[in-house]
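One structure is given here, and the rest of the page talks about it.
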Amino acid sequence: RDGGAFCVDASFAMPPKKPAPPPVPPPEEEAVEEEDVAPVPRTVADILTEFYDAQPNDPDAASESLASALEIDTPTTDLRNGSRVDFLVNTLVFSRDAGFSLAQSVYLHAVATALLETAADAKMPLEKAEQRFQHALVSRVTSLPSEGHFTVDDIKVVSHHFASGFFTHWNLFKHAFRNEQKVEQHFVVKYLETPFAFGKLVDAYTEESWEAKKIRDAEAAEAERVRLEEAAKLAAEETERVRKEEAETQRLAKETQDARRRPKTLDEAVEHAVREKLKLERTALEAEYGAREEQLLLKIAALEAQMK
């Protein structure tokens, strides 16, 4: 006690606290592998929308993209696939220009595809194909405008388009899609010579260096001319030497052959002399008669000239 106050030491009042245990880390979550999401296939409406967006800027690229999306292979080299793409593109362009909606264009695209299938069917006559086409349009006729349907006026426009673009050329489509077509491919390689790039101005000659270069070029040309003349002279001398050697060889061969032909006995000498004499006489007679014949021909020609 101190003045009626009661003090208690805190160290004796409460026992010391134990250190708190370290916090337990939460269990690690196992990584969940994300499954590959299969791509959503595009619908015909998506394909046609993409075609309509690209067609005004680049019609060829739009047609190529449409063929790829519809899985029509090699339309530029396969005549049948090329006709298919052209027919479908013409149908889509007609639908857009006629002011039809996207749903109506999708249906007309399906109608065009079905018409090509009828053209490819060997058992399908023209009358039955027309009936199927009329049924496909009649089933979509409505009195009031609605999505994907057509009014009576729309049906008239569509009928006229397919009548003039497909049924008028039925035999042509039938022949193209029912008969195998032969494809001939020719490859031509053309080489284009590109011009050389101009040199930089800093690499150009000065007037003094250009004049010196012309003098060097002239001296080099003169030296080349002299070299060619000397080479030609040496070649001519070599040709003459070879000719002389061949002539000497022929002369020696002739002498050797003549030596072999010389008669060895008196009889052979007489026979050889007679033979040589006859040869000379024959040559002289041939020359004499040839001269006489020529004179006679001249006289005959002169007489014929006088008679005319």
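The values are calculated or read from the model by the stated rules, or taken from the named source; none is laboratory data. Quick caveat, the model's predicted, so the values are computed rather than measured. Every residue, glycine as well, gets a Cβ built from its backbone with ideal geometry; the counts of neighbours run over all protein chains shown. These accessible areas exclude ligands, DNA and RNA; they are computed on the full protein's heavy atoms, side chains included. Shrake-Rupley method; radii C 1.70, N 1.55, O 1.52, S 1.80 Å.
Taking all protein chains together, 237, 180 sort by accessible area into 180, 237, largest first [probe 1.4 Å].
To the nearest 10, the accessible area of residue 297 is 100 Å² with a 1.4 Å probe.
The orientation-averaged shadow of the Cα convex hull for segment 82-125, equal to a quarter of the hull surface, comes to 3.3 nm².
Could you order 238, 286 by accessible surface area, starting with the largest, using a probe radius of 1.4 Å?
The most accessible residue leads, giving 286, 238.
Evaluated over segment 155-227, the count of Lys pairs having alpha-carbon atoms less than 27 Å apart is 5 (only pairs 8 or more residues apart or interchain). Multiplying the residue separation of residue 142 and residue 225 by 0.36 nm and removing their Cα-Cα distance gives an extension gain of 20.2 nm. The apolar share of the surface of segment 86-221, taken as the fraction of accessible area on carbon and sulfur atoms (1.4 Å probe, ligands and nucleic acids excluded), comes to 58 percent.
For residue 135, the accessible surface of its heavy atoms amounts to roughly 130 Å² (probe 1.4 Å, protein chains only, rounded to the nearest 10). Site pair residue 189 and residue 135 shows an inter-label distance of 5.7 nm when each label is modelled 7 Å from Cα along Cα→Cβ. Other residues within the sphere of radius under 12 Å centred on the Cβ of residue 240, judged by their own Cβ, net out at 0 (K and R +1, D and E -1).
Checking every one of the GluC sites (Glu not before Pro) in segment 181-227 against DSSP loop status and a limit of 10 other Cβ atoms within 10 Å picks out 184, 193. Anisotropy class assigned to segment 189-265 is oblate, per the alpha carbon gyration tensor with a/c at or over the 1.5 cut-off and a/b no larger than b/c. Calculated FRET efficiency, residue 251 to residue 294, Cβ-Cβ distance, R0 = 30 Å: about 0.25 to the nearest 0.05. The solvent-accessible area of residue 70, taken with every protein chain present and a 1.4 Å probe, is close to 50 Å². Multiplying the residue separation of residue 216 and residue 271 by 0.36 nm and subtracting their alpha-carbon distance yields 12.1 nm. Is the shape of segment 84-210 rounded, prolate or oblate, going by the alpha carbon gyration tensor and its root eigenvalues a ≥ b ≥ c, with a/c under 1.5 for rounded and a/b larger than b/c for prolate? Cα axes put segment 84-210 in the oblate bin.
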